[in-house]
Each structure stands twice: as structure tokens, then as C-alpha cells.
1. Residue by residue through the stretch 22-60, note down the ones that are in contact with a Phe, Trp or Tyr (Cβ under 8 Å, 6 or more places away or on another chain) and either of a type in the set (Val, Ile, Thr) or farther than 29 Å from Pro78 by Cβ (or both).
2. Working only within the stretch 1-57, note down all residues that are closer than 22 Å to Ser104 by Cα, aliphatic (A, V, I, L, M) and surrounded by 13 or more Cβ atoms within 10 Å (Cβ to Cβ).
3. Condition first: of a type in the set (Phe, Trp, Tyr) and either on the phi > 0 side of the Ramachandran plot or assigned to a loop (DSSP other than H, G, I, E, B) (or both). Now tell me which residues in the stretch 63-100 satisfy that.
4. Among the candidates Met1, Met17, Met28, which residue alone is within 29 Å of Ser141 (Cβ to Cβ), assigned to a loop (DSSP other than H, G, I, E, B), modelled with pLDDT under 95 and aliphatic (A, V, I, L, M)?
5. Just a yes or no: is a residue in the stretch 115-129 assigned to a helix (DSSP H, G or I), surrounded by fewer than 16 Cβ atoms within 10 Å (Cβ to Cβ) and among the aliphatic types (A, V, I, L, M)?
Amino acid sequence: MKNFRSLADFANHLTVMAAESKVVTGYMVEKGAESIQKIAKSEIAHYQPAVGPFAKWEELTAETEFEKIRLGYPVDAPLLRTGEMRDSISYVVSLERNAAVIGSDDQKMVWHEQGTPKMPPRAVLGPAAIRANEDLKPRFSRTIAAWLAGRSWRLPRLK
């Protein structure tokens, strides 16, 4: 816990914290987006269980698997063909709005997320956000606690 010698020291500390707050929250938004992106990319090619409102991934049909074999793509690897769609998952952080957008500019990702009349949904981004949340909660708690205590908040360690 940080100790202050006077009310002026405490007031200066609060001024620094106010100036730093946007940097701290921006850091947390960046780390959150980075985590969601990493998890989303890792989910491609692996059957996923249900999470939150998102259904478990259905098995690929035999017809789909035979087509993948014919084209030389990996089998038993849902959503993976060339890796192009997986690699298109990215994020953008807006420090002004203190927000991030994680997504893909590949139209196939939309079809997989929502499903089509011929294909069940295999959501990637929503489940990745839910999974990341469990890892990020303690990290963000440590970051805020370290920042409030006047310690290094970029790599927070609680005593």
C-alpha cells in the first residue's frame, strides 16, 4: 500500500492517476482484444463445445470431409482449409472510445458464425470472448489493484 506524507502528496497521486487512467484502461482493452484474437484463432480446426449461448460445433459431414480430401485440405479440422480465414482474424483498438473490435474481413467467417441453410453455425468470435473473459478477470483485477496502489500495473504482481 502506498503511503503519503501529506494531503498534497495524496492529491498529486490522484492527479497522476487521473491522467494515467486512459492509458491503463487502453492497455486493458488492448490486452483483452489480443487475448480474444488468440483464442479465436486457436479454435479453428478443433471441434468446440457449447459455451454461453453458442452451440457446440456439429461434426463435418462425410461429404465435406471427402471434398476436403479431394482438394488436399486437412481433414477432421473444422473451418480450416488454407488457414486464410483463421489468419484474417484481427483487432483494432480505439483509445479515444476505449473500445476494441475483433473480427475478420473474410465473408466465410460470417457464414460460419451464423450458419447458412446448408451449414450449421460454428461460432468462433463470441465463444472466444466468453473464454477470454475468465482469464482476463483476474488479470484486470491485478492491474487495477496495482495501479491504485501506485505499483507497476503493466506486469502486476500482488504481494
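The values are calculated or read from the model by the stated rules, or taken from the named source; none is laboratory data. Since this is a predicted model, take the numbers as computed values, not measurements. For neighbour counting, all protein chains shown are included, and Cβ atoms are generated from backbone atoms with ideal geometry for every residue, glycine included.
1. Listed by number, the residues that qualify are Val24, Tyr27, Met28, Ile36.
2. Scanning the stretch 1-57 gives Met28, Val29, Ala33, Ile36, Ile39, Ala40, Ile44, Ala45, Val51, Ala55.
3. Tyr73
4. Working: Met17 fails: assigned to a loop (DSSP other than H, G, I, E, B); Met28 fails: assigned to a loop (DSSP other than H, G, I, E, B).
Within the list Met1, Met17, Met28, the selection yields Met1.
5. Within the stretch 115-129 (the criterion being assigned to a helix (DSSP H, G or I), surrounded by fewer than 16 Cβ atoms within 10 Å (Cβ to Cβ) and among the aliphatic types (A, V, I, L, M)), the answer is no, since none of the residues qualifies.
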